[in-house]
Protein chains: 2
Amino acid sequence: MKNRIHFNVCERQEKVKEALFSAIESERTTIGYYNLPEQNIDDILNYSNAFSDDIETIVVLGIGGSSLGAKAIYEFIRPIKSPKRKLYFFESTDPLNIMAILAKIELEKTHFLVISKSGTTVETISIFKYLYKKQNSPSNYTFITDEGSGLDAFAKKIGSKVFYLPANVGGRFSVLSVVGLLPLALSGVDIKKLLVGANKVKESFFNDGYLKESLLNKAIFYAKYHTTYNINCLFAYSETLRYFSEWYVQLWGESLGKKQCNSAFNVGVTPIGLIGPKDQHSFLQLIVEGTRDKSVTFIKIEDFQNELTVPDIRLPHLESLDTLNGITFHDLITMQSDSVIEALKMQGDIPLDEIIIKQVNEESIGQLIYYYELLTSLVGQLINVNTYNQPGVESGKIILKDKLQKRYKND
Amino acid sequence: MKNRIHFNVCERQEKVKEALFSAIESERTTIGYYNLPEQNIDDILNYSNAFSDDIETIVVLGIGGSSLGAKAIYEFIRPIKSPKRKLYFFESTDPLNIMAILAKIELEKTHFLVISKSGTTVETISIFKYLYKKQNSPSNYTFITDEGSGLDAFAKKIGSKVFYLPANVGGRFSVLSVVGLLPLALSGVDIKKLLVGANKVKESFFNDGYLKESLLNKAIFYAKYHTTYNINCLFAYSETLRYFSEWYVQLWGESLGKKQCNSAFNVGVTPIGLIGPKDQHSFLQLIVEGTRDKSVTFIKIEDFQNELTVPDIRLPHLESLDTLNGITFHDLITMQSDSVIEALKMQGDIPLDEIIIKQVNEESIGQLIYYYELLTSLVGQLINVNTYNQPGVESGKIILKDKLQKRYKND
């Protein structure tokens with residue numbers, strides 16, 4: 001992958017860079033996600049390879065960090081490679097949504113992955129209860145949770161297989177652990193190549209490679225100007241990256257939207273996922289002429305490996321569009337992104353950069369994931385927040401628990 | 001629909017309200033969307049009713065304002081009512097996306113709606129050329145465009161049916177015109193009820209009804225504090241509203257992200273579409289603890305008309321979640337939204353409001369659409385922008401045209 005930066009990086013920041021890099025090197029000894037690219041995945045592969053071909057569908061019961069990563073990668077790869085098994089995700093308590101997904105699956109041909117770090121996620125357990133009443137064979141379920149959770153004890157009790165989240169890997173940083181790898185392996189994604197991609201970015205960053213400088217520069221800029229550019233847009237030119245952008249929104253928003261460690265001031269940078277060219281006809285106007293509160297990162301695919309072409313036909317009264325004749329859609333979408341980037345550069349006051357990935361494949365998405373995880377850690381370090389917790393969501397959970405208890409007693 | 005506002009509306013603003021209301025009343029004589037709820041739709045219904053049952057699929061070739069509205073309504077209604085015909089949307093030049101949609105449709109059983117206001121939208125015409133080479137029977141196409149466009153002339157030349165956009169209705173305000181109504185009628189959506197819903201909001205606003213006060217108050221607050229709360233989040237508690245939120249993002253972002261009329265200063269409020277409860281596990285942390293730059297509107301469904309229930313089963317080691325037993329998912333998701341709203345109210349410094357729609361049906365979504373269109377017009381008026389144009393996207397289009405021309409000459 002390449003990264004072209006079109007804004008002036010902060011000069012004379014060598015000391016900041018050094019301090020930042022060594023802070024991350026030290027974090028790496030305690031925060032679990034950094035070393036996931038080198039993990040041993042034999043257990044996951046063996047378990048996955050032993051699955052019967054009669055299982056045609058994998059259903060993930062999980063929400064947030066338990067679903068967004070696998071979904072991002074599955075939906076990215078699907079257009080170039082028919083899945084070995086279809087993946088579905090129960091991620092909502094919306095009854096209409098639950099019924100719509102139920103209508104798509106055949107229970108007998110389905111294996112369920114119940115994923116909850118804490119083991120007590122309300123959405124996941126309520127749907128699990130519903131499904132378990134219909135289908136209570138322990139061999140149809142696999143559980144992924146923290147060792148020692150109630151869900152772990154339950155799974156052992158009924159005799160289902162349990163996998164544990166690795167130590168110190170938070171939900172939103174868990175896609176390259178068993179949380180993402182198991183559903184992806186079962187659906188036929190090459191998880192080895194995924195880790196190869198992630199490892200390339202890791203090596204490049206930690207061993208003075210190409211991305212070290214670019215990641216440090218970007219992070220310093222974003223942090224230094226986080227109150228000016230309080231919105232970060234990811235503008236990806238391919239529909240395949242639609243769910244990647246949802247994953248990025250959780251990673252970025254939940255990691256960086258925090259009270260600062262020393263001051264308890266509210267800080268954060270708001271993530272926005274955009275898809276081109278569609279959002280040229282939606283959000284672009286706001287970027288070009290709206291308030292200067294946004295930085296924008298474009299993601300482009302260097303080679304779609306696809307020859308679909310606009311045919312060479314003239315349509316009466318539409319001759320002005322003959323310039324489209326004979327162009328591949330790959331070239332067209334690339335010209336579209338390049339035109340928008342040029343137009344934004346002309347504005348002169350919008351911080352832009354481009355990430356170019358080679359192809360739609362496992363290695364590329366592995367790179368993107370690790371790149372954004374690193375960038376998040378770097379910015380979090382500089383704006384002085386705890387990147388890895390999410391205390392803000394607790395109060396809502398407590399209120400809900402209380403409401404549920406009152407209802408239960410009154411019933 | 002109801003609207004509960006949880007922030008202090010600006011007091012002593014009677015004169016501002018009067019001026020604002022009369023500005024909108026005067027806009028109503030020139031801007032076309034205001035009067036769409038009362039339009040005569042006989043032509044659309046007659047044309048749609050005459051369609052053969054052999055046509056099982058409707059494919060929209062359109063992007064931005066030509067697709068987002070119909071998609072929002074179609075996807076909202078689909079879970080409660082199987083579509084008469086499936087709707088697909090070609091909205092991207094991504095070749096992998098085009099191929100994925102092509103794989104789903106049977107050309108012989110498909111009717112194509114080619115929708116482009118200008119008639120020269122690059123994405124739409126490039127895909128149209130591709131499809132027209134495969135299937136060139138004029139009776140399989142219907143065109144919707146501005147009268148007198150090149151596409152209009154082309155459609156007449158080949159003898160296809162053409163509908164025109166009503167005068168002074170911009171793309172992003174066109175969902176309640178033939179642009180949205182035709183694909184929706186063909187898919188079995190009750191478009192009369194859609195307009196009934198929209199008309200209720202219209203009447204309520206223009207005839208001193210319940211929504212007049214609440215819309216004026218909200219607009220004044222958003223406009224007055226648009227530099228403080230430069231982000232507006234729509235947090236909808238139902239997966240059915242997922243594409244509604246994409247429609248809202250275009251409407252809000254493209255209408256309000258502008259240079260101010262007098263000063264040419266860059267202004268705007270950034271729209272963000274969120275879906276609950278999923279985004280409790282993603283974006284909520286940023287709202288609770290992040291920078292105070294966001295206002296949040298919750299959308300709730302009063303009655304899902306669905307009895308799906310968490311079964312009354314005890315799971316060993318998960319007894320703490322017995323409080324979920326016997327609850328309908330409808331009640332659960334409502335408790336979840338209420339808990340989050342309570343938690344955010346406790347913060348005390350986040351402007352919140354709630355919109356409650358009755359049920360998942362045509363009338364409700366018609367109300368929501370007209371409500372948001374009005375709110376957009378009101379805020380645009382106050383922050384002194386031209387709500388109805390989009391000059392910022394032109395420069396990218398010119399650069400693209402130039403690139404395409406160069407390529408064409410060199411070929």
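What the table below lists for this structure:
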item	result
Mean separation of Cα contacts under 8 Å, 6 or more apart, over the residue count of chain A: relative contact order %	22 percent
Rg and Dmax [Cα atoms of chain B; Å; Rg one decimal, Dmax integer]	22.7, 73
Inter-centroid distance (Cα atoms) of region B:372-411 relative to region A:182-235, Å	32 Å
In degrees, nearest ten, helix A:329-347 long axis to first principal axis of chain A (Cα)	70 degrees
Average beta carbon contacts from partner chains per residue of A:262-268, 10 Å cutoff	4
Residue among B:Ile101, B:Leu184, B:Phe112 farthest towards the positive dipole end of region B:33-189, charges placed on Cβ	B:Ile101
Listed residues A:Phe51, A:Phe244, A:Phe90, most fluctuating in chain A (Gaussian network, C-alpha, under 10 Å)	A:Phe51
Nonlocal amide H pairs with B:Ala236, under 5 Å, H built at 1.01 Å	B:Leu274, B:Ile275, B:Gly276, B:Ile299
Scattering curve values for the protein assembly as shown, log₁₀ I(q)/I(0), Debye with Cα scatterers, q = 0.07, 0.08, 0.10 Å⁻¹	-0.51, -0.68, -1.12
Added length on full extension, which subtracts the Cα-Cα distance from 0.36 nm per residue, A:Lys401 to A:Val196	69.6 nm
Fraction of beta bridges assigned by DSSP in chain B that are antiparallel (%, nearest 5)	15 percent
Square roots of 5 times each gyration tensor eigenvalue, C-alpha, region B:29-153, largest first, Å	23, 19, 16
Sorted by Cβ density within 10 Å, fewest first, the residues A:Asp338, A:Asp411, B:Asp402	A:Asp411, B:Asp402, A:Asp338
Footprinting exposure proxy for B:Met99, B:Met1 (fewest neighbouring C-beta atoms within 10 Å first)	B:Met99, B:Met1
Label 7 Å beyond Cα on the Cβ vector: B:Asp349 copy-to-copy distances, nm	2.7
Dipole of region A:254-386 [Lys/Arg +1, Asp/Glu -1 at C-beta], most positive-end residue of A:Pro351, A:Leu368, A:Gln336	A:Pro351
0 to 90° range, to nearest 10: angle between helix B:210-224 axis and chain B longest Cα axis	90 degrees
Ranking of A:Asp190, B:Asp53, A:Asp279 by count of other Cβ atoms within 10 Å, fewest first	B:Asp53, A:Asp190, A:Asp279
Dipole magnitude of the protein assembly as shown about its Cα centre (Cβ charges: Lys, Arg +1; Asp, Glu -1), debye to nearest 20	240 debye
Neighbouring partner chain Cβ atoms per residue of B:131-140, average, 10 Å criterion	1
Share antiparallel - DSSP beta bridges, the protein assembly as shown, percent rounded to 5	15 percent
Between region A:16-42 and region A:286-314, the alpha-carbon center distance in angstrom	33 Å
J(HN,Hα) series, region A:85-93, from Karplus relation 6.51 cos²θ - 1.76 cosθ + 1.60, nearest Hz, glycine and proline x	9, 6, 9, 10, 10, 8, 10, 9, 8
Beta bridge orientation in region B:33-189: antiparallel %, DSSP, nearest 5	0 percent
Percentage relative contact order, region B:158-274, counting C-alpha pairs under 8 Å, at least six apart	19 percent
Principal-axis tilt of helix A:242-256 within chain A, Cα atoms, nearest 10 degrees	80 degrees
Region A:198-266: C-alpha gyration tensor shape, a/c 1.5 cut-off, then a/b vs b/c	oblate
Most fluctuating residue given options A:Ser214, A:Ser160, A:Ser337, as computed from a GNM of chain A linking Cα atoms under 10 Å	A:Ser160
For residues of B:290-296, the mean tally of beta carbons on other chains within 10 Å	6
Helix-derived mean residue ellipticity, 222 nm - over chain A, DSSP H n ≥ 4, -39500 (n - 2.57), to 500	-14000 deg cm²/dmol
Phi to ³J(HN,Hα) by Karplus 6.51 cos²θ - 1.76 cosθ + 1.60 over region B:291-298, Hz, x for Gly, Pro	3, 7, 10, 10, 9, 10, 10, 8
Relative contact order %, region A:32-189, counting alpha carbon pairs below 8 Å whose residues are six or more apart	35 percent
Karplus-derived HN-Hα couplings along region B:308-317 (A = 6.51, B = -1.76, C = 1.60, θ = phi - 60°), whole Hz, x at Gly and Pro	3, 10, 6, x, 8, 10, 9, 10, x, 6
At R0 = 45 Å, FRET efficiency that the Cβ-Cβ distance of A:Asn40 and B:Lys2 yields, to 0.05	0.20
Residues B:Gln260 and B:Ser118, FRET efficiency given R0 of 22 Å [Cβ-Cβ distance, rounded to 0.05]	0.25
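Values in this text are rule-based calculations from the coordinates and carry no lab data. A quick note: this is a predicted structure, and the numbers were derived from the prediction, not measured. Note that each Cβ is placed from the backbone with ideal geometry, even for glycine, and that neighbours are counted across all protein chains shown.
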